[in-house]
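Presented below is the structure to which this report refers.
No lab work stands behind these numbers, since they all come straight from the coordinates. Since the model is a prediction, treat every value here as computed from it, not as a measurement. Cβ: placed from backbone, ideal geometry, glycine included. Neighbour counts: every protein chain shown.
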Amino acid sequence: MNVVKQIVIKTLVAFSAVLILASVASAQDLKIGVVNLPLLMDSSPQTKQAFVALQEEFSPRQREMLAKQKDLQTKDENYKKDRAVLSEGERRNIEKDLREGQRDLTRMNTEFTEDFNLRRNEELSNIQRTLLKEVQDYAQKQGFDLVVGDGVLYASESVNITKQVLAAMEANFKAQ
């Protein structure tokens, strides 16, 4: 019985060694790449286009807010200059108008910020989906077995494919 156990153990050890050697040999054939996702996000033409579109979409509201702020500032300065010669009723009315204007401006600013952040997050989400699709397409076309993104502390230039993926993204962007 002891002899049978020893034979079984030796067979298992030998089989394990063969499996380990086989996995090491096959691991040498793997094609691995690393992509710097934040760099792709910052550098891609898709991101630049999205932020230009956001700027165009929100610039009229921003100009409106700036005009309202300037108008309120002018009214406040005029009020401070003329306060001494105004009647009590006129002062109260002007102060009320200034408070209401400031509340409106604060509300406009809050709505603007919320709307802008919502749209920016939508655009970033679309860009991330596009970016991941581009990386996957590039990896498949180039025959990569594994492409790693986040969580990489170091990657040599020989496995860093960020520039190549960015070039592919730019080419696809121009083709559209």
Exceeding the 22 Å Cα-Cα cut-off - candidates LYS48/LYS70; LYS133/LYS174; LYS48/LYS141: LYS48/LYS70; LYS48/LYS141
Cross-link partners of LYS163 among aspartates and glutamates (Cα-Cα below 13 Å; sequence separation of 8 or more within a chain): ASP42, GLU134
Sum of side-chain charges, GLN55 neighbourhood, beta-carbon under 13 Å (Lys, Arg +1; Asp, Glu -1): +2
Length gained when the stretch ARG91-ASN109 is fully extended (0.36 nm per residue, less Cα-Cα span): 3.8 nm
Ellipsoid semi-axes in whole angstrom, largest first, where each is sqrt(5λ) of the Cα gyration tensor of the stretch 31-175: 54, 13, 11
Per-pair calculated FRET efficiency, R0 = 35 Å: SER158 and LYS70 via Cβ, rounded to 0.05: 0.05
